[in-house]
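The values are calculated or read from the model by the stated rules, or taken from the named source; none is laboratory data. It should be emphasised that the depicted structure is a prediction, and the values quoted were computed from it without experimental measurement. Using ideal geometry, Cβ is built from the backbone for each residue, glycine included, and neighbour counts are taken over all protein chains shown. Side chains are part of the model used for accessible areas, which takes the heavy atoms of the whole protein and leaves out ligands, DNA and RNA. Shrake-Rupley method; radii C 1.70, N 1.55, O 1.52, S 1.80 Å.
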Amino acid sequence: APPMNAQVSDSELELMKIVWSQGGTARYAQIMEELSQTGRTWQKNTVITLLSRLVEKGMLRTSKIGRRNEYSALVSEEDYQTAQTQNLLNKLYEGSAKGLVSTLIQRDLLSAEDYEELRRFWEKGGETR
């Protein structure tokens, strides 16, 4: 399993989100296309460097399709979110999810509707994502 505590920079995460949005596999050209649509004007070299760092960190695998590079996520978005959430809980709340949730409620970051929806989700045994 890849190191889930790999520290990924914001720029690297942006590239991971593109790969995830393409179903977990994206060609270099697709990644560049998506970046240009978000108004990112990163140089080709910058993107290549970020992608190779993600490969080194065990987040992506690269393979050649003909002469083209294809990148596949080795970590799912859900697994990454879970690991990062766990890190956040450990760092800020001594691992207590309750502490996080009370902060969200106290600071109005979690609406009453959100809360109701989560309560129903909880009662159903958490089937829907």
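For T38 and R61, compute 0.36 nm times the residue count separating them, minus their Cα-Cα distance, and round to one decimal in nm.
5.9 nm
Hey, can you grab everything whose amide H is under 5 Å from the amide H of N69? Only 5+ residues off in sequence or another chain; H modelled, so Pro and N-termini drop out.
Y28
Among 29-36, 6-13, how do they line up from the highest to the lowest mean number of other beta-carbon atoms within 10 Å?
29-36, 6-13
I need to check one value: relative contact order of the chain, counting alpha carbon pairs closer than 8 Å and at least 6 residues apart, in percent.
The value is 24 percent.
Roughly to the nearest percent, how much of the accessible area of the chain is carbon and sulfur, given a 1.4 Å probe?
Numbers: 4500 of 9120 Å².
With neighbouring chains kept in place, the figure for the chain is 49 percent.
Kirkwood-based Rg over Rh for the chain (C-alpha set), two decimals?
For the chain, the value is 1.06.
Sort the following peptides by mean Cβ neighbour count (other Cβ atoms within 10 Å, averaged over residues), highest first: 50-62, 94-106, 111-123.
Details: 50-62: 17.5, 94-106: 12.2, 111-123: 10.6.
Descending mean neighbour count gives 50-62, 94-106, 111-123.
Roughly how many debye, to the nearest 20, is the charge dipole of the chain about its Cα centre, given +1 on each Lys and Arg Cβ, -1 on each Asp and Glu Cβ, and no other charges?
That gives a dipole near 640 debye.
Using the charge dipole of the chain (Lys, Arg: +1 at Cβ; Asp, Glu: -1 at Cβ; taken about the Cα centre), state which of L60, Q22, Q84 has its Cα farthest towards the positive end.
Working it through, the farthest residue towards the positive pole turns out to be L60.
Grab the chain and count how many Lys pairs have their alpha-carbon atoms under 27 Å apart, sequence gap of 8 or more, or different chains.
Lysine pairs meeting the criterion: 8.
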